[in-house]
Amino acid sequence: MTLETVGDIESLRARVRQWRAAGERIGFVPTMGNLHAGHLALVDQARSLADRVVASVFVNPLQFGPGEDYETYPRTLDQDREALAARQADLLFAPPVAVMFPKGRGATTFVEVPGLGQELCGAFRPGFFRGVATVVARLFNLVQPDLAVFGEKDYQQLILVRRMVEDLAFPVEIVGVPTVREPDGLAMSSRNAYLAPDERTRAPLLYRTLREVVRRLEAGENDYAALEADAVETLKAAGFRPDYVAVRRAGDLAPPEPGTRELRVLGAAWLGRARLIDNLPAVR
Ligand code: PAF
């Protein structure tokens, strides 16, 4: 099965315009490719909510900092196209950098979500969320979807995109999809491929550690700083290099009050060459 693939704006817009004229609802799944079951769950969700599904594959240089893995990030377009075709996507948009950022990566107008964009992962990866917000805004303007689907694995990204859509009045519904995990609990991620075999064995500890924080929160513990510090210690003792473990309000990722009922526990930690992130809900 072949999937129609376009890399230029005119062809993308012509196809989407045709569907719109027929009254069809467009669902969009933005990705950086190297698709795994987590991405394909996003496609399935879009498929169930929309008449047409557009997926994009674009490794966005704006969201990689100096010394990060932009050059080596896995690029597997042919495999991705087959996987998307098998899940009945209708169109793949795979533009070159020059189409996405014709003036160059340093010269484009950018979108910055204040506060949220500089916290948690944003504090450890300066410029990351500016890069994400900028590329997602441009993709939304190019595809003009009715809805767009994002994974909860990147929970801060999901909340940030919701904020951007609200602040800039994009007419796009943002749909979140639960994290897809390996049988041992590790959240699926393209970067799991960077784990050496012994690191891969230890990696699910991030998930288990966050689960323990959830257990203690749901048992009524309220000392968030102590819970975070214990989790960081557990990870360090197992050879991780944690960036943070944080308990936040689920809806907006603001610091919670003692009585906040809907929480999100988030963590990011390095293991060897891989920076792993994960998060879980806690409801009291
Ligand atoms: O989640 C991702 O893969 C990327 O951050 C996204 C949303 C495709 C933007 O480049």
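No lab work stands behind these numbers, since they all come straight from the coordinates. What you are looking at is a predicted structure, and each value in this text was computed from that prediction instead of being measured. Here Cβ is always computed from backbone atoms with ideal geometry, including for glycine, and neighbour counts include all displayed protein chains.
Applying the criteria of a DSSP loop state and at most 15 other Cβ atoms within 10 Å to the trypsin sites (Lys or Arg not before Pro) of the stretch 43-102 yields Arg75.
By other beta-carbon atoms within 10 Å, ranking Thr134, Thr2, Thr108 with the fewest at the front produces Thr2, Thr108, Thr134. Once you sort the root eigenvalues of the Cα gyration tensor of the stretch 46-203 as a ≥ b ≥ c, which label holds: rounded (a/c under 1.5), prolate (a/b larger than b/c) or oblate (the other case)? Rounded shape, in that the Cα axes give a/c under 1.5.
Basic side chains Lys and Arg get +1 at the Cβ, acidic Asp and Glu get -1 at the Cβ, and with that the dipole of the chain about its Cα centre reaches some 260 debye. Over every pair of different alpha-carbon atoms in the stretch 63-141, take the mean of 1/r and invert it; report that Kirkwood radius in Å. 14.6 Å is the Kirkwood radius here. Given the C-alpha centroids of the stretch 41-106 and the stretch 265-284, what is the distance between them in whole angstrom? Rounded to whole Å, the Cα centres lie 24 Å apart. The fewest-to-most ranking of Glu71, Glu182 by surrounding Cβ atoms within 10 Å reads Glu71, Glu182.
Pairs of Cα atoms nearer than 8 Å and 6+ residues apart set the relative contact order; for the stretch 36-174 it is 29 percent. Dipole size of the stretch 137-284 about its Cα centre, with +1 on Lys/Arg Cβ and -1 on Asp/Glu Cβ: approximately 340 debye, rounded to the nearest 20.
At q = 0.15, 0.16 Å⁻¹ the log10 of I(q)/I(0) for the chain amounts to -1.20, -1.34, computed by Debye summation with a single uniform scatterer per C-alpha, solvent ignored. Computed over the stretch 136-284, the quotient of the alpha carbon radius of gyration and 2.2 N^0.38 Å is 1.12. Scanning the chain for long hydrophobic helices, with DSSP H runs required to stretch 15 angstrom or more by C-alpha along their axis and to average at least -0.5 on the Kyte-Doolittle scale, returns 37-49, 128-143, 155-167, 205-218, 224-237.
Under the convention that each Lys and Arg Cβ holds +1 and each Asp and Glu Cβ holds -1, the size of the dipole of the stretch 200-284 around its Cα centre is about 480 debye. With q set to 0.11, 0.21, 0.23 Å⁻¹, the log10 of I(q)/I(0) for the stretch 1-124, from the Debye formula over equal scatterers at the Cα positions, is -0.45, -1.28, -1.35. With 5 Å bins beginning at zero, the pair-distance distribution over Cα atoms of the stretch 1-61 amounts to 4, 16, 23, 27, 19, 8, 2, 0 %. Put one equal scatterer on each alpha carbon of the stretch 140-218, apply the Debye formula with no solvent term, and list log10 I(q)/I(0) at q = 0.11, 0.14, 0.15 1/Å to two decimals. Once normalised to I(0) and log-transformed, intensities are -0.43, -0.64, -0.70. Of the chymotrypsin sites (Phe, Trp or Tyr not before Pro) found in the stretch 144-200, none is in coil by DSSP with at most 15 other Cβ atoms within 10 Å of its Cβ.
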